[in-house]
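This report concerns only the one structure given below.
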Amino acid sequence: QVQLVESGGGLVQAGGSLRLSCAASGRTFSSSAMGWFRQAPGKEREFVAAINWSGGITYYADSVKGRFTISRDNAKNTVYLQMNSLKPEDTANYYCAARYASGGSSWKNDYDYWGQGTQVTVSS
């Protein structure tokens, strides 16, 4: 069993930065791939970024590539999403997810556990 708790969301002006954190409980964190997804009102939940178990391989949606960075600290059971050059279209509820596999995935159905989400609002 894995429990995920996101933090770090908030209101920021366009061009600003935020860093999201996802604290995980459970012994399997260090062997689990992790992902970040987001969902805006009236839209489907979409992939943002993923990272493999060691942190050596990362994946990004085209819409955030070059602006967002996913990383993890297995000693702290935490995964991060550094978001720079934020745009109003990045406004959404951001979810952390974990999967019982070592490799990351952009497909939400591949993930076994989800956090409750943290709201990110970018004003123009």
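Values for this structure:
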quantity	calculated
Per principal axis, descending, Cα span of the stretch 57-124 in whole Å	39, 25, 23
Fraction of accessible area attributable to carbon and sulfur, the stretch 34-124 (%, probe 1.4 Å)	46 percent
Charge dipole magnitude, Cβ of K and R +1, D and E -1 - the chain, Cα centre, debye nearest 20	160 debye
Where the chain is the region considered: accessible area per residue in Å², 1.4 Å probe	50 Å²
D_trans [Stokes-Einstein, Kirkwood Rh over alpha-carbon pairs] for the stretch 9-49, 37 °C, 0.692 mPa s, µm² s⁻¹	252 µm²/s
The chain, relative contact order in percent, only Cα pairs under 8 angstrom and at least six apart counted	36 percent
108, 65, reordered so the largest accessible area comes first (probe 1.4 Å)	65, 108
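The values are calculated or read from the model by the stated rules, or taken from the named source; none is laboratory data. Given the structure is predicted, the values throughout are model-derived calculations rather than measurements. Glycine also receives a Cβ, built like all others from the backbone with ideal geometry; neighbour counts cover every protein chain displayed. Note: accessible area is taken over every heavy atom of the protein model, side chains too, but ligands, DNA and RNA are not part of it. Shrake-Rupley method; radii C 1.70, N 1.55, O 1.52, S 1.80 Å.
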